[in-house]
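Student: My structure is below; once you've seen it, I'll send some questions.
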Amino acid sequence: RVVFKWSEETDAADRLPTLVGALRRLHGSRYPLPLYGPALAVAGAVFVAQEACAGRWSDAVTHALFDDLLRCNRMQVGCADAIDDEPWADFLVRTLTEGADGWCLHEPLRAHSPETRRVLDHIEQVGRDLDRSVLPHGDLVHLDFHHRNALQHEDGTLSVIVDWEGARQGDAVFDLVMLAMSLSVARVEPDVSSPLWDEIFLRSSAGTRAGYVSHVALRRLDWAIGHHPEEVPMWLAVAETELRRFS
């Protein structure tokens, strides 16, 4: 059984073959992710096949699942190829100050409410102030590393981590920040979040943390405004709390 995914983005034909090579090597090191086949170009698009894996996502996050995710994240350190031409620091600053192509959009936050405009002003200032030289860049970054992309067995243990098509080279700590802030919509066993933030603090600088928290806050609010407006108050509260903590 296989899963087919495709992209019509103009740069996909250039980046996906390199990304698939990195993912196949990671799979060979016993990292729990699907085995990817080659990226194949067709008229106007590029598609890639991956094995279909057992498991389903759940909002229940146990200590055992957290331990597996942390172990996986550590395996991503130092194993990135030059997947994208844009350096990690430039990519991060661009999302914070301008937005990305079709996501991490600034205008929805600017138009939604005075509260989201205030959060956006803070995020853009973090991007302008960020010291690009402090950002590590030699790891493989999933970019959407959260518990709903971690398929679980029936007993709640990790099966595989999926949805790697947006991965790039950068700093694996970013994935831990994404995971930590995404736990706001999870049912978490006691004392899971604290060791996660301890790991983030151990492996990052203050400026780096502020940049990553700002990016995740922007992504979650932009997505909620566009797709799940009922979640905007919850993500706004998360964004304001974490941005204050890392200001």
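Student: Starting from the Cα of TRP103, step 7 Å toward the Cβ, then list every residue of the stretch 42-76 with an amide N under 20 Å from that point.
Tutor: Only 45-51, 57-59, 73, 76 fall inside the zone, counting backbone N under 20 Å.
Student: Taking Cα centroids, how far is the stretch 156-177 from the stretch 110-153 in Å?
Tutor: Going from one Cα centre to the other spans 14 Å.
Student: Could you give the length gained on full extension between ALA41 and VAL77, defined as 0.36 nm per residue of separation minus the Cα-Cα distance, in nm? Don't skip to the end; give the middle numbers.
Tutor: Details: separation 36, 0.36 × 36 = 12.96 nm, distance 2.96 nm.
Taking 0.36 nm per residue and subtracting the Cα distance, the gain is 10.0 nm.
Student: If we count GluC sites (Glu not before Pro) as exposed when they sit in a DSSP loop and have at most 15 other beta carbons within 10 Å, what is the longest stretch of the chain that avoids them all?
Tutor: Numbers: sites that count: GLU8, GLU9, GLU98, GLU154.
With GluC sites (Glu not before Pro) excluded where exposed in loops, the chain gives 155-247 as its longest stretch.
Student: Right, next: Skipping prolines and chain starts, which residues have an amide H placed within reach, meaning under 5 Å, of the one on ALA60, given they are 5 or more residues away or on another chain?
Tutor: Placed amide hydrogens put ARG187 under 5 Å from ALA60.
Student: Please identify, among ASP90, ASP144, ASP68, the residue showing maximal mean-square fluctuation in a Gaussian network model of the chain using a 10 angstrom Cα cutoff.
Tutor: ASP90
Student: Run the dipole for the chain about the Cα centre, Lys and Arg Cβ at +1, Asp and Glu Cβ at -1, nothing else charged, and hand back the magnitude in debye, nearest 20. Walk me through the numbers before you get to the answer.
Tutor: Working: 24 positive and 38 negative charges, 62 e Å.
It comes to approximately 300 debye.
Student: Mind giving me the FRET efficiency for ARG24 and ASP85? R0 is 25 Å, r the Cβ-Cβ distance, nearest 0.05 is fine. Present the calculation step by step, with values, prior to reporting the outcome.
Tutor: Numbers: r = 21 Å, r/R0 = 0.85.
Step by step, r from the Cβ atoms, then E = 0.70.
Student: Can you pull the Kirkwood radius for the stretch 101-247, inverse mean 1/r over Cα pairs, to one decimal in Å? Before the final figure, lay out the partial values.
Tutor: Working: mean 1/r = 0.0623 Å⁻¹.
Over the stretch 101-247, the inverse of the mean reciprocal pair distance is 16.1 Å.
Student: For the stretch 144-187, what are the per-bin percents of Cα-Cα distances with bins 5 Å wide, up to the bin holding the maximum?
Tutor: 5, 21, 25, 28, 15, 5, 1
Student: Moving on to the next point. Based solely on its DSSP helices, what 222 nm [θ] is calculated for the chain when runs of n ≥ 4 H residues each add -39,500 (n - 2.57) and the sum is averaged over all residues, nearest 500 deg cm²/dmol? All intermediate terms of the calculation are to be shown ahead of the outcome.
Tutor: Values: 9 runs with 118 residues, N = 247.
Result for the chain, helices only: -15000 deg cm²/dmol.
Student: Before anything else, pin down the relative contact order of the stretch 148-247: Cα pairs under 8 Å, at least 6 apart, normalised by residue count, whole percent. Could you put the intermediate results ahead of the total?
Tutor: Working: 64 pairs, mean separation 20.8, N = 100.
Across the stretch 148-247, relative contact order equals 21 percent.
Student: Could you tell me the relative contact order of the chain? Use alpha-carbon pairs under 8 Å, at least six residues apart, and round to a whole percent.
Tutor: Numbers: 403 pairs, mean separation 56.2, N = 247.
Contact order relative to length: 23 percent.
Student: Could you give the Stokes-Einstein D for the stretch 1-83 in µm² per second, using the C-alpha Kirkwood radius, 25 °C, 0.890 mPa s? Before the final figure, lay out the partial values.
Tutor: On the way: Rh = 14.4 Å.
For these conditions, the coefficient is 170 µm²/s.
Student: Explain nothing, just the number: dipole magnitude of the stretch 188-247 about its Cα centre with +1 on each Lys and Arg Cβ and -1 on each Asp and Glu Cβ, in debye rounded to the nearest 20. Write down the numbers at each step before the final one.
Tutor: Numbers: 6 positive and 9 negative charges, 66 e Å.
With Lys and Arg at +1 and Asp and Glu at -1, about 320 debye.
Student: Related question: Restricting to Cα pairs below 8 Å that are 6+ residues apart, what does the relative contact order work out to for the stretch 1-87? Please round to a whole percent. All intermediate terms of the calculation are to be shown ahead of the outcome.
Tutor: Numbers: 88 pairs, mean separation 32.0, N = 87.
With pairs under 8 Å counted, the relative contact order is 37 percent.
Rule-based calculations on the coordinates, nothing more; no lab input. All figures in this text were calculated on a predicted structure; none of them were measured in a lab. Backbone-built Cβ (ideal geometry, glycine too); neighbour counts: all protein chains shown.
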